[in-house]
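*Asks:* Could you have a look at this structure, given as structure tokens, before my questions?
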Amino acid sequence: MRKTGLLAAALLAALPVFAYADAFSDRLDGTWIATKQFKDYPRAVLHFDGQKLHFENLFATAATVEYKVIEQGKEDFVINFEYHHQVERGNGRIIDRKESQDYRYHVEDGIPILSERVYELDGRGEIIWKEYLRKENFTDGFESQLSKKLNSTKPVPTVMGE
């Protein structure tokens with residue numbers, strides 16, 4: 001009886017965690033498309049379904065991975081995923097590689113946005129590298145206010161003037 005009680009208590013304690021995960025996946029479910037296209041490369045596309053993310057045109061091959069929520073604010077949150085694959089170097093040697101991506105989910109003017117963040121070492125700090133909109137909200141060339149704000153920071157000069 002005691003083991004059953006402990007098991008029941010553990011399951012009940014975990015229920016809010018599952019509901020919590022569902023709250024984030026409900027906001028992500030669907031297809032997200034990169035707002036900008038680089039040169040002649042196909043646009044990156046993200047498909048969220050529950051705790052799974054299927055990506056296309058992000059790396060050399062499409063794949064499905066699990067994502068996790070790593071940071072949350074009042075209205076936004078950050079998800080992360082890792083993708084392990086093999087890459088052929090210029091000398092023909094094949095190596096194992098791990099890619100890690102972070103996306104900030106935020107809403108501006110009622111439109112949900114996923115922003116890929118990178119950290120610039122030129123003094124600007126965090127900037128937005130790419131942004132994604134839901135398929136139904138897609139606008140080619142869209143740039144969020146967050147992206148405009150972070151990306152407009154001037155780099156620190158590398159040479160001191162006299």
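*Asks:* Which ones in the stretch 96-109 are out of contact with any Ser or Thr (no Cβ under 6 Å at 6 or more places or on another chain), in a strand (DSSP E or B) and either within 21 Å of LYS135 (Cα to Cα) or open to solvent by less than 40 Å² (accessible area, probe 1.4 Å) (or both)? Spell out the reasoning first.
*Replies:* Step one: list which residues in the stretch 96-109 are out of contact with any Ser or Thr (no Cβ under 6 Å at 6 or more places or on another chain), which gives 96-103, 105-107, 109.
Then drop every residue that is not in a strand (DSSP E or B), which leaves 96-103, 105-107.
Selection gives GLU99, GLN101, ASP102, TYR103, TYR105, HIS106, VAL107.
*Asks:* Pick out the one residue from GLY92, GLY125 that is farther than 19 Å from GLY30 by Cα, among the small types (Gly, Ala, Ser) and in contact with a helix residue (DSSP H, G or I) (Cβ under 9 Å, 6 or more places away or on another chain).
*Replies:* Details: GLY92 fails: in contact with a helix residue (DSSP H, G or I) (Cβ under 9 Å, 6 or more places away or on another chain).
Just a single option satisfies the conditions, and that option is GLY125.
*Asks:* Look at the stretch 129-162 and say how many of its residues are of a type in the set (A, V, I, L, M, F, W, C), assigned to a loop (DSSP other than H, G, I, E, B) and within 25 Å of LEU46 (Cα to Cα).
*Replies:* So the answer is 2.
*Asks:* Hey, could you check the stretch 138-156 for residues that are without any contact (Cβ under 8 Å) to a residue 60 or more places away in the chain and loosely packed, with under 14 Cβ neighbours inside 10 Å and say which is farthest from PRO112 (Cα to Cα)?
*Replies:* Per the criteria, the residue is VAL156.
*Asks:* From the set of residues in the stretch 33-53 that are farther than 18 Å from GLU143 by Cα and within 12 Å of the chain's Cα centre (by Cα), which is surrounded by the fewest Cβ atoms within 10 Å (Cβ to Cβ)?
*Replies:* Ranking the candidates gives HIS47 first.
*Asks:* Next question, about the same structure. If you go through the stretch 62-95, how many residues are touching a strand residue (DSSP E or B) at 6+ places or on another chain (Cβ under 8 Å), loosely packed, with under 11 Cβ neighbours inside 10 Å and part of a loop (DSSP other than H, G, I, E, B)?
*Replies:* Adding up the residues that qualify gives 2.
*Asks:* If only one of SER144, SER152, SER100 is at pLDDT 95 or above and hydroxyl-bearing (Ser, Thr, Tyr), which one is it?
*Replies:* SER144
*Asks:* Oh, and also: Against the definition (closer than 22 Å to TYR41 by Cα, without any contact (Cβ under 8 Å) to a residue 60 or more places away in the chain and assigned to a strand (DSSP E or B)), how does GLU126 come out, yes or no?
*Replies:* No: the conditions fail for GLU126.
*Asks:* State yes or no: is PHE59 in a loop (DSSP other than H, G, I, E, B) and surrounded by 15 or more Cβ atoms within 10 Å (Cβ to Cβ)?
*Replies:* yes
*Asks:* For the stretch 110-127, indicate whether the set of residues that are within 22 Å of ALA23 (Cβ to Cβ), at pLDDT below 90 and exposed (fewer than 10 other Cβ atoms within 10 Å of the Cβ) is non-empty.
*Replies:* no
*Asks:* Another question, if that's okay. Tally up the residues in the stretch 116-133 that are touching a Pro at 6+ places or on another chain (Cβ under 9 Å) and over 17 Å from ASP102 (Cα atoms), please.
*Replies:* Within the stretch 116-133, residues that are touching a Pro at 6+ places or on another chain (Cβ under 9 Å) and over 17 Å from ASP102 (Cα atoms) number 3.
The values are calculated or read from the model by the stated rules, or taken from the named source; none is laboratory data. Nothing here was measured: the structure is a model prediction, and the numbers come from that model. We place every Cβ from the backbone using ideal geometry, glycine too, and count neighbours over all the protein chains shown. Note: accessible area is taken over every heavy atom of the protein model, side chains too, but ligands, DNA and RNA are not part of it. Shrake-Rupley method; radii C 1.70, N 1.55, O 1.52, S 1.80 Å.
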